[in-house]
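Visitor: Let me give you the structure first, and then I'll get to my questions.
The values are calculated or read from the model by the stated rules, or taken from the named source; none is laboratory data. Every value quoted in this text rests on a predicted model; they were computed, and no experiment measured them. Neighbour counts are summed over all protein chains in view; Cβ atoms, including those assigned to glycine, are modelled from backbone coordinates with ideal geometry.
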């Protein structure tokens with residue numbers, strides 16, 4: 001039986017699909033709390049499955065504060081879009097939690113603040129693609145810069161109550177071994193679940209820490225390409241007071257590979273105890 005040309009192309013495309021793994025180093029600095037910690041994420045992607053192992057390095061005070069907030073210092077998250085399963089692994093306690101991958105729904109809002117009104121902020125987003133390029137991990141990247149302002153006004157007036165400003169700069173790669181697989185995984189996850197992708201360029205560190213995370217993440221994710229290196233600075237201005245920087249996150253992909261990943265990497269290893277949470 002002779003295959004049609006279209007079916008042949010489909011089979012060839014499937015055969016050409018590659019696995020992707022990369023390592024990123026994310027440093028988070030809180031100006032307000034005077035704390036700093038570095039997270040090394042090892043990201044694995046195979047078809048519709050993703051695993052992210054995160055190891056945090058910090059001083060004792062910051063590490064204790066992170067743990068008090070529910071942040072594990074050595075943990076993994078496995079996302080199985082095909083099986084609609086989500087695993088959270090604590091490598092220190094050798095335990096894991098299994099849940100059903102959440103269905104599509106509006107993304108959870110960031111942390112709420114006592115002085116926040118029900119009025120939505122006025123969002124202003126600006127973006128610029130610069131001419132300079134840089135080679136990172138053997139991939140030529142272009143530099144992009146973006147700024148988002150979220151202005152909160154007093155009810156029924158145009159009197160500024162508070163303004164949050166986000167400065168984002170990144171070196172974007174658009175065509176490299178594994179770029180299509182990263183994009184395909186993100187698309188399959190976005191069509192199936194509200195669970196955030198592990199390839200957000202470090203923005204996930206801002207979830208539950210700033211008010212406008214959802215708006216910022218939506219704007220930045222719309223930028224074309226994969227950030228090999230990025231930096232975001234967060235500023236807050238209350239009323240007539242001087243603007244202050246509260247957060248800074250820098251991120252860089254230190255290793256990138258499109259070699260085959262064993263399917264066992266996306267399953268729970270023997271010896272781990274299942275717990276409820």
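Visitor: Is it the case that some residue within the range 216-226 is at pLDDT 90 or above, surrounded by fewer than 20 Cβ atoms within 10 Å (Cβ to Cβ) and closer than 16 Å to residue 52 by Cβ?
Guide: no
Rundown of residues vs (1) over 30 Å from residue 83 (Cα atoms); (2) buried (at least 19 other Cβ atoms within 10 Å of the Cβ); (3) in contact with a helix residue (DSSP H, G or I) (Cβ under 9 Å, 6 or more places away or on another chain), yes/no style:
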residue: 143; (1), (2), (3): yes, no, no
residue: 157; (1), (2), (3): yes, no, no
residue: 160; (1), (2), (3): yes, no, no
residue: 175; (1), (2), (3): no, no, no
residue: 193; (1), (2), (3): no, yes, no
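Visitor: Consider only pairs whose beta carbons are under 9 Å apart and that are at least six residues apart or on different chains; among these, list those whose first residue lies in the range 129-158 and is within 10 Å of residue 228 (Cβ to Cβ) and whose second residue is modelled with pLDDT of 95 or more and not in a strand (DSSP E or B).
Guide: That search, which allows pairs on different chains as well, returns nothing.
Visitor: Would the range 152-169 turn up any residue that is under 15 Å from residue 253 (Cα atoms), in contact with a strand residue (DSSP E or B) (Cβ under 7 Å, 6 or more places away or on another chain) and part of a strand (DSSP E or B)?
Guide: Yes, the range 152-169 contains a residue that is under 15 Å from residue 253 (Cα atoms), in contact with a strand residue (DSSP E or B) (Cβ under 7 Å, 6 or more places away or on another chain) and part of a strand (DSSP E or B).
Visitor: Let me confirm something: among 209, 217, which residue is in contact with a strand residue (DSSP E or B) (Cβ under 9 Å, 6 or more places away or on another chain) and either part of a loop (DSSP other than H, G, I, E, B) or in contact (Cβ under 8 Å) with a residue 40 or more places away in the chain (or both)?
Guide: Of the residues listed, the single one that is in contact with a strand residue (DSSP E or B) (Cβ under 9 Å, 6 or more places away or on another chain) and either part of a loop (DSSP other than H, G, I, E, B) or in contact (Cβ under 8 Å) with a residue 40 or more places away in the chain (or both) is 209.
Visitor: When the residues of the range 60-81 are narrowed to those that are in a loop (DSSP other than H, G, I, E, B) and at pLDDT 95 or above, which ends up nearest to residue 257 (Cα to Cα)?
Guide: 81
Results for (1) touching a helix residue (DSSP H, G or I) at 6+ places or on another chain (Cβ under 8 Å); (2) within 28 Å of residue 267 (Cα to Cα); (3) at pLDDT 80 or above; (4) not in a helix (DSSP H, G or I), shown as yes or no for each residue.
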{"position": "2", "(1), (2), (3), (4)": "no, no, no, yes"}
{"position": "6", "(1), (2), (3), (4)": "no, no, no, no"}
{"position": "15", "(1), (2), (3), (4)": "no, yes, no, no"}
{"position": "24", "(1), (2), (3), (4)": "no, yes, yes, yes"}
{"position": "38", "(1), (2), (3), (4)": "no, yes, yes, yes"}
{"position": "56", "(1), (2), (3), (4)": "yes, yes, yes, yes"}
{"position": "96", "(1), (2), (3), (4)": "no, yes, yes, yes"}
{"position": "107", "(1), (2), (3), (4)": "yes, yes, no, yes"}
{"position": "113", "(1), (2), (3), (4)": "no, no, no, yes"}
